[in-house]
Structures are given as C-alpha cells and as structure tokens.
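Asks: What follows is a single structure, and I will ask about it in a moment.
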Amino acid sequence: MKVLVPIKRVVDYNVKVRVKADNTGVDLANVKMAMNPFCEIAVEEAVRLKEKGVVTEIVAVSIGPKTAQEQLRTAMALGADRSILVETDEDVQPLGIAKALKAIVDEEKPELVILGKQAIDGDNNQTGQMLAALTGMPQGTFASEVNVADGKVKVTREIDGGLQTVELTLPAVVTTDLRLNEPRYASLPNIMKAKKKPLDTKTAADLGVDLTPRVTTVSVEAPAERQAGIIVGSVDELVEKLKNEAKVI
Amino acid sequence: MTDTILDRRDLRFQLFEVLDTDTLLSRPRFQEHSRETIEAALDTAEKLAQDKFANHNALCDKEEPRFVDGKVVMRDEVKEAFEAYIEAGFLAARASFDEGGMQLPEVAAAACTGMFTCVNPGTTAYPFLIAAAGNVIRNFASETLKQQFLAPMMEGRFTGTMALTEPHAGSSLADIRTRAVPQDDGSYRIKGNKIFISGGENELGDNIVHLVLAKIPGGPEGVKGISLFVVPKYRLDEQGEPAERNDVILAGLIHKLGYRGTTSTALTFGDNDDCHGYLVGEAHQGLRYMFQMMNEARVGVGYGAALLGYRGYRLSLDYARDRTQGRSAETADFSAPMIPIIEHADVRRLLLTQKAYAEAALAMSFYGYRLVDEIQTGDETQANDAALLLDLLTPVLKTWPSEFGVKANDMAIQVFGGAGYTREYPVEQVWRDNRLNPIHEGTTGIHGLDLLGRKVWQAESRGLVLLAQRIMADVSATTDSRCQPFACALQDMLPKVQSVTEAVGKQLASEGATAALSNANAYLQLVGHVVAAWMWLRQANAAVALTSAEDEDFANGKLQAARYFFQWELPRVETDITRLQEGDRSSLDMQNRWF
C-alpha cells in the first residue's frame, strides 16, 4: 500500500516572528525554516504504518520553493522512500496546494494521503479538506489515532468535547492532530541514507495547475499587547468582575 | 526575530563564508558530505537541543543532583536527553561510517554539538566526557581495553570521566599521590583520592569508566612518573558485562556556583585495597596521553565559553528589543509610549560589546576546529602547519573566549537590569555556568605561563612566525575600503607583538623565568586580542562579500562589530605592550606581608 505525505516548509516554530514595518507580512529574512510540525506528525504516522507492515511505500511531496528540498530530505531521513517537489515561488495558498496535490494523487494513486491538519504559518486548516473534495476521497480530519485494516481506515478524531471515530473506505485523506504521535528525530546515519533516495522536481505547468494566489493579504498586525492583570481578593469579587467588567458571564 | 540558540545564519557564515568548509568537503574522507548534509545534521541538533535539552537547563540548576544512599539522584530529563543524543548519532558524529558514525569534519560536528552546549551545558557535559575519554582509549589503549570499554562507551552504555585532580594537587599534577601497584595478572591496584571529577557518579549508563592518573611506585619523579589507568566502577565479567563492584567510592558531591547539572565528585579509590585498574599504553606516559585529550578539551572549553557568551548576548538582545523603558532625550511628551531599551545608545553599547566578544570567540573556536581537521585530513604541509599553529594557539583558544565570554555575560545581566540579577531570568545562570571556564582545563594563569614560557619558543618560534604569516595573508587579501582600516590596524600590531616577544625573551635570559613570566597574563591578553582582531578582519572581509539583499542587515552588523572591536578593544592592548616591554615589576615586587 502506498501512502502520500504532503509536507510544507514554514518558519521554524521556535522563531519569534516580527511583523514587517510596512505591515505586509512577517519578516522572513535569514529566518530559520523547518518542516511544519503537523506535517512531521504525518510523516511519523506513515513511517509507523510502514514499520507495522501496513504500508509498503511512502512518498513525500511538497509544493514550494526550491529550498523545500531540505524538508523533503528530512522527510526521507525520517523514513519516506522518495519525494516530489512541485517547485514554485508563488505564495502558495490552500486551494492551489490542494489542486497540485490532486494532480499528484491522480499520477501516484496512493491509497492513503496523510497530511497535517494545518500549517503554522497560515493556520488555514483547509488543504486536507479541499483535497478530499477535489479527489472525491473520504476524509478523517484531526486524527489522534489511525488504524488501517481490510481496505478501510478507522480514524479517531479530536472534536469539541470528546472523540469521534469514523471509518473510511480507502483511498482516503487523513489530517493529523497534535496527539497522534510524537515524531522521531532524523538521526545522523539516516540523514546520510536520505541523500541517496530519489527526489523528483516538477512544476505547476507539468501538473497543469494554476497556483496563482486567490486571496489577497490586506494587512498584517502584531497581536495587541497583553494588559497587566490584577489579583482579586475573593471569588465573589472575581464573579462580580466577570459579570460587570468583562461581561463574559 | 531573535533566535536565542546558535543562530543558523551566523553558523553558515562562520562555516562557509569565513571558513572555506566547501574545500574541506572535497577531501576524500568527506566526499559523501555537502552543505545539505551538514545543514540537515544541524537541523536535528537544533531541534533536539530545543526539545530535550533546553527544557531542563534551569530545572537542573535549581534542583542539583543529590547524594542519596551512596547514589546520585538527578532529574529524569537528563537521562532522556542523554539517550536521545546518542540515539540521534551525535556521540559518533565524527566517527567513520564503518564505526556507525557520520564521518563529519570536526568543524561541522562542533557546530552541531554547540547547539546543545548553548542551551544546556550541564547535561551536554556527559556525552562530551564520554567522547573525550573515548578518544584517549582509542588512541593509546590496547585492543583488549578498546573492546572492553570503548565499544560500550560509544554506544552510551558506559559513561566516562577524567580523574586528574587530587585535594592537594590541581594545577600541580607532578605532586599527585594516587598509587598504582602492579599485580601478577598484569592489572594494577589503585589507591588514592580524586576531587572535582565531573560525571564521577551518575546513573546514565550501566558502568562508569574513570581515566585515572596515578604513579607506579619506583617510577621517575614528578610528571615523568605519571601513568594512566582505566578504572571501571564495575569490573567486567567474561561476557564483558558490568559485574562485580570495583572499589571506587563516591565520597561526596561538590556544590558549585554553576554547571550544577553536571555532578562534580570526590572519589575514593581502593579504600578496601581492591580497586582494579588497567594500564593505558605504556607506564609513565600518562600525562602525555592525557594531554592529547586535554588539548582538544581545551579548545572545547573555549568553544563552550564562546557559546555561553553568545547565548547571553542573544537573550539580552531579545530582551532589549521587547522591554520598554523611558523615551528619547528629545521627547518631552510623557504621554508618548515608552521605547524599547535597545533604542538607548548605552544599551546598544552593551549589546555590541557582547557581539564583538562572542562572535570573535566563536570564529576563533571554529578556526581551531578547522586546524584539527587540517591535522587529520590535510596533506603533509597543511597538517604540520596546522599542528604547529594549534599548539601555539591552544592557550589563546581556551582562554580568550573564557575570559571574554564571562565579561559578555556580565553585560547581558546589565542589559536585563534588576531583572537580570534575579533567578527569574536566565542570564544569571549563564554567567554562573560560564564562570567555570577560565578555571578548569588549566586556569588562565597557567595558560599565560604555557604560552609565554613554552609555546612561543617551541620549534624555534615557527608557530609565531606562521601565525604572523596567516594574519598577513588576510591583511593582504583585504580590498574593500570599509575593511582597510581594520587591516592597517592589525598590520601595525604585528611588529609590536614581535618586539614585545623579543623583549620578554631577553628578560628570560637575563632575569630568569620567575621575573620574565610575572606578567604572562598580559602577554596572553595581548595575543588573544590580536587573534580576536584578526577574526574580526576575517569576518568583515567575508561580510562585504555578501551580495544578497537579504543579507544586508546581517553584513552591516558584522562590519559594525568589527569597527567596534578595532576602535575600542584592540587599542586596550597598548598598556600591555608598554608594561611588557619595560618588564614592569608591580606584581613581582609586591610582598606577601605588604597585603
């Protein structure tokens, strides 16, 4: 069984980003980039399925700049067998990514697509759902547990107030939540092995898709600075303030 | 956008733009490597350091290892970090592929391990001690000892220590009293006390391999009678597994100013006359073997100090960008919002000084590691030159980053103001941790004596000549008008160093070593500052070569730090030059009873 794992190159989660002076975005000059943490969980899940003998081949794919090769190499050091880069300098958005992924799915015909529920740069949480719609595959989003058996995948989903388990017929799309697994580190010997694994590069034109952004960013602002808090003297005072000052109860 | 761990742009600059690591990678041993593999190794190092090392740096400082029923109890995160470090392959990063290593150049392996030291020097010390002790065993011990001890050490199953210091003999190793008595089976019985043994007790592995300096009775006097022994905590059974407890006892833990995550121990060997030890190499060669490791360890100490200097700089930079206080001198309106403290020039001075110290110290350390690479993989001339230069520079590479790293941390605390003096903020710990570095692996005083009393004169002073040639090569290669003033200032310094060296040479001949070496510290500081200035010239030259728009701020930052160093720091050595020339006797003539 083949699994496709789409991954995204994003600013490293440890970096404290600052908004550019002209409010057009965040300053990314010389900033460390890394694989989106939710994508790492997706790669890890695929590798675990392979270790269990459920999956035979893992294909990592990324849509982004040439430098996204670094993240694909990381995916291969973590255990992906080969990878595909759809190279573009566009500011990629979920719909464009989903269209490109659909084209890859048509070519590769994976039985399972595992991807992060969202990327930490845009926080859109759309790509997996759009891909499922475009391909007609069933979707199991926000997965905290994944079990594949008998041509089906059982996905435990993290939903408001609890867990929901859905069973999907393969091929299917699964998006990962934080608690699905704890990703491993790319060990030094595996980094060397990953060098020898194949990495194909394609363009949007090869796939016949248009990645032009459809959404325009008007302005980016830093979050408002947090105001100093106060210590209340009693529960009654707290309730009173929540009612009358904060007006939340 | 301040990354408080080792900045990746700066690392790339140090490795590939200041140092020509690409050329190094074209050598046969490294042909499997490229910038990509090194960057990927750095990615793993950075991630692991952030996830599993940074998390308990402050916790292990607050809750230092305890001595309970003869055992050391430390926080669980240490073992978890230690195991992850080994699992990811960092202990074997330099080792050959056929040994399960990554065959990384020293300079790249150092860049990786720097990530860990930067965020948690206490925990990182454990794998470092294994690597250092393992090197000695690999280079000097018999095949049997290697099989028994080195293999499990490299798998992280056994940890390692260096047991040199005794309660009455630290810097003065000639005076150690630990004895090793030969037995019929070829082993020795060890008896004596050691102190300040880092990692001397821990529960991280199944066994601890102590490398112990001891004297065999009847051997030569002084340092020539010192031998080196492998002394395990548990003796091995037939299968090579730890079995019977050896007679090494933890007498107690030492409570330190910093570096609290690393146990520092007092150990008693042979209290019951049953401490088995195994000779490494030949008898009476112990100090030579140990010094081979010590020399690498010394570059490592300097590098560790540089990293903590850097860490404090980045933490205080981050703070200065966020913390608001006051308004500009021109603002009369008190309803105007307060400005970040980085807008105040004196705060920028504190930051710029830290940058000038820390990044010169880093450049110096990487230069040192590159020399190790040249010794290991260069052609004969390259290797010989590198050995000569490294030998000369070791006291500088150890001491300058240690002294100025701590000074940088002092300024980091100053940037934080009152907050920096509290334990709620991280910089006081960085300062305390770093304060060890001018002390261990040879104090600053010892290294001054080593440089001026020994290193400078070795091999007819060819090391010093070579250093001058290397500096002149960078001076001559300076073409950009922004860097030329730096090149000129550095060039002017060289004849002064030469004439001071000659003056001290004459003092040595006419007045003897005690008098001539009484200001060795000033000489070490002089050479250190000249080397640091050289590192700034090299960085400035590399910075002006950067053309991408993305690098504009980065390159300007490098140039400004170079300018600061040449304007404010290099001129400070003029006093050292004058006093050394005239053979100042202030310290020499001061009498004990006058204090």
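Asks: Over region B:246-337, calculate the relative contact order: mean separation of alpha carbon pairs under 8 Å at least 6 apart, over the residue count, as a percent.
Replies: 19
Asks: With a cap of 12 neighbouring Cβ atoms within 10 Å, and only residues DSSP puts in a loop, list the GluC sites (Glu not before Pro) found in region B:319-413.
Replies: B:330
Asks: Suppose a student asked you for the relative contact order of region A:2-244, using Cα pairs under 8 Å spaced at least 6 residues apart; what percent would you report? Mind dumping the intermediate values first?
Replies: Details: 495 pairs, mean separation 58.4, N = 243.
Reported as a whole number, the value is 24 percent.
Asks: How high is the FRET efficiency from residue B:548 to residue A:245, r the C-beta distance, R0 45 Å, rounded to 0.05?
Replies: Step by step, r from the Cβ atoms, then E = 0.30.
Asks: If packing is taken as the mean number of other Cβ atoms within 10 Å per residue, what is the order of B:264-270, B:468-474, highest first?
Replies: B:264-270, B:468-474
Asks: Please compute, for peptide B:29-41, the average count of beta-carbon atoms on other protein chains lying within 10 Å of each residue's beta-carbon. Don't skip to the answer; put the middle values down first.
Replies: Numbers: counts 0, 0, 0, 3, 2, 1, 0, 6, 7, 1, 3, 12, 6.
Taking all residues of B:29-41 together, the mean is 3.
Asks: Please give, to one decimal in nm, the separation of the simple spin-label points placed at residue A:90 and residue B:168, each 7 Å out from Cα toward the Cβ.
Replies: 8.1
Asks: With just the Cα atoms defining each centre, how far is region B:510-576 from region B:86-145? Give it in Å.
Replies: 30
Asks: For the protein assembly as shown, with the dipole built from +1 on Lys and Arg beta-carbon atoms and -1 on Asp and Glu ones, taken about the Cα centre, which of A:104, B:328, B:188 lies farthest toward the positive end?
Replies: Result: B:188, furthest along the dipole toward the positive end.
Asks: Tell me the net charge near residue A:169. Cut-off is 12 Å between Cβ atoms, residue A:169 excluded, with +1 for each Lys or Arg and -1 for each Asp or Glu.
Replies: -1
Asks: List the chymotrypsin sites (Phe, Trp or Tyr not before Pro) within region B:309-410 that fall in a DSSP loop (any state other than H, G, I, E or B) and whose Cβ has at most 10 other Cβ atoms within 10 Å.
Replies: On the way: sites: B:310, B:313, B:319, B:334, B:357, B:366, B:367, B:369, B:404; in loops: B:334.
Counting only loop positions with at most 10 other Cβ atoms within 10 Å, the chymotrypsin sites (Phe, Trp or Tyr not before Pro) in region B:309-410 are B:334.
Asks: Then there's this: What nm distance separates the two modelled labels at residue B:221 and residue A:178, each placed 7 Å from Cα along Cα→Cβ?
Replies: For residue B:221 paired with residue A:178, the spin-label model returns 6.9 nm.
Asks: Sticking with this structure for a sec: Work out, step by step, the length gained on full extension between residue B:470 and residue B:439: first 0.36 nm times the residue separation, then minus their alpha carbon distance; give nm to one decimal.
Replies: 8.2 nm
Asks: If you don't mind, there's one more thing I want to ask. Pull out the extension gain between residue B:593 and residue B:291, defined as 0.36 nm times the separation in residues minus the alpha carbon to alpha carbon distance; nm, one decimal.
Replies: Roughly 105.0 nm would be gained on extension.
Asks: For region A:81-107 and region B:449-475, write down the distance between their C-alpha centroids in whole Å.
Replies: First find each Cα centre; the distance between them is then 58 Å.
Asks: I would also like to ask the following. For the pairs A:2/A:52; B:71/B:191; B:47/B:79; A:16/B:407, flag any whose C-alpha to C-alpha distance is greater than 19 Å.
Replies: Values: A:2/A:52 14 Å; B:71/B:191 21 Å; B:47/B:79 17 Å; A:16/B:407 27 Å.
Beyond 19 Å: B:71/B:191; A:16/B:407.
Asks: In peptide B:332-344, how many Cβ atoms from other protein chains are near each Cβ within 10 Å, on average?
Replies: Mean shielding count: 0.
Asks: Report, to the nearest 10°, how far helix A:235-244 tilts away from the longest principal axis of the Cα atoms in chain A, using its own Cα long axis and a range of 0 to 90°.
Replies: The angle comes out near 80 degrees.
Asks: Within region A:59-94, which residues have the backbone N less than 20 Å from the label spot 7 Å out from residue A:193 along Cα→beta-carbon, could you tell me?
Replies: Counting backbone N atoms under 20 Å from the label point, the list is A:59-61, A:70-84.
Asks: Moving to a separate point now. Between residue B:514 and residue B:481, what FRET efficiency comes out of the Förster formula 1/(1 + (r/R0)^6) with R0 = 56 Å and r the beta carbon distance, rounded to 0.05?
Replies: Values: r = 48 Å, r/R0 = 0.86.
Calculated transfer efficiency: 0.70.
Asks: What's the FRET efficiency of residue B:71 with residue B:239 using the Cβ-Cβ distance as r and R₀ = 22 Å, to the nearest 0.05? Walk me through the intermediate numbers first.
Replies: Working: r = 25 Å, r/R0 = 1.12.
Efficiency for this residue pair is about 0.35.
Asks: Calculate the spin-label point distance for residue B:255 paired with residue A:56, positioning each point 7 Å from the Cα along the beta-carbon direction, and give it in nanometres.
Replies: It works out to 6.5 nm between the two label points.
Asks: Which of the trypsin sites (Lys or Arg not before Pro) across region B:507-595 are loop residues per DSSP, with 12 or fewer other Cβ within 10 Å?
Replies: Within region B:507-595, no trypsin sites (Lys or Arg not before Pro) qualify (loop, at most 12 other Cβ atoms within 10 Å).
Asks: Further question: Which percent, nearest 5, of DSSP beta bridges in the protein assembly as shown are antiparallel?
Replies: Counting only bridges with both partners in the protein assembly as shown, antiparallel ones make up about 60 percent.
Only the coordinates and a few stated rules stand behind these numbers; no lab work does. Note that the structure is predicted; figures quoted are calculated from it, not measured. Counting neighbours? That spans all protein chains shown, and the Cβs are built from the backbone with ideal geometry, glycine included.
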